[in-house]
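Heads up, the thing below is written out as structure tokens.
The values are calculated or read from the model by the stated rules, or taken from the named source; none is laboratory data. Not measured: the values here are computed from a predicted model. All Cβ positions, even for glycine, are placed from backbone atoms using ideal geometry, and neighbour counts span all protein chains on display. Please note that ligands, DNA and RNA were not included when accessible areas were found on the heavy atoms of the full protein model with its side chains. Shrake-Rupley method; radii C 1.70, N 1.55, O 1.52, S 1.80 Å.
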Amino acid sequence: MNTPRSLKRLGASLLIGGQAVTATMRGRINTVELSDQLMEAGPGSLLIVLIISVAAGSVFNIQVAAELTRQGAGSTVGGILALGLAREIAPLLTACLLAGKVATAYAAQLGTMKVTEQIDAITMLRTDPVEYLVVPRLIALVVMAPLQCFFFFIVAVWSGQITSTALYNIPPSVFWTSVRTWMHPEDLPFMLVKAVVFGLIIATISCGWGLTTRGGPKEVGTSTTGAVVMILILVCIMDVVLTQVLFGA
């Protein structure tokens, strides 16, 4: 990845994201496109989130439950699982899944429109491409990322409870009591805050990389890959910052 070019595209993406947020606050929203993008970021991505949440909850719980049961602390399994999911695993894995499923689609769609001069045609029709194309995608991810994250959390905790009961004979009542004891009232709201920020990053970078695509069709693939790489870097950096700000005290 060419660093100077990437930094320029990052700056352009941030400007595009700022324009999209401003347009959203002014109510300039393409509602027809918005409904399509909500389907793409929501129901269209639900199956992969379901599969990974079941796997994550089960595998994490098997690792934790096995060790804690040996130490005679099986009653704490549910709380540790729920805490780990809410504070880190659910928002981070949801962001990675949306980056792979939704961000690639956004970057490829807008990149293709850019190299085939459809963006220029939209501009010639006196339509702002940011308002027409970026705003619906940004709103869709900001709305759907926390919903997907919450769904991930719920399914992962349930799968963890099922595996801990089936494999380690931990009663469901003990598991859920542990969850209620360990979880703090602010954990779930802070988890959703993380998901909203990650959704904003995913939308901004994927749309920015798509709109700054240059050259022919080959560059569409390069832009899509570059967008995902930059999203993962920024999400990881922001995850450290948000973890310290929200949970570090």
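List of remarks:
- Residues that are part of a helix (DSSP H, G or I) and modelled with pLDDT of 90 or more, drawn from region 167-182: P172, S173, V174, F175, W176, T177, S178, V179, R180, T181, W182
- Those residues of region 200-220 which are part of a helix (DSSP H, G or I), touching a residue at least 12 places away in the same chain (Cβ under 8 Å) and not aliphatic (A, V, I, L, M), in sequence order: T204, S206, C207, G208, W209, G210, E219
- Criterion applied to P185, P189 was being open to solvent by 10 Å² or more (accessible area, probe 1.4 Å) and outside any helix (DSSP H, G or I), and the one residue passing it is P185.
- In region 12-46, the residues that are aliphatic (A, V, I, L, M), loosely packed, with under 13 Cβ neighbours inside 10 Å and modelled with pLDDT under 90: V32
- Near pairs, Cβ below 9 angstrom, 6+ apart or cross-chain, from region 85-113 (under 14 Å from C149 (Cβ atoms)) to any residue that is of a type in the set (K, R): R87/K194; E88/K194; A90/K194; P91/K194; L92/K194; A95/K194; V102/R137
- Candidates are the residues of region 192-225 that are of a type in the set (S, T, N, Q) and open to solvent by less than 70 Å² (accessible area, probe 1.4 Å); the one that is farthest from E117 (Cα to Cα) is T204.
- Elements of type helices (runs of 4 or more DSSP H) in region 56-166, at least 3 residues being touching a Cys at 6+ places or on another chain (Cβ under 6 Å) and buried (at least 19 other Cβ atoms within 10 Å of the Cβ): 90-98
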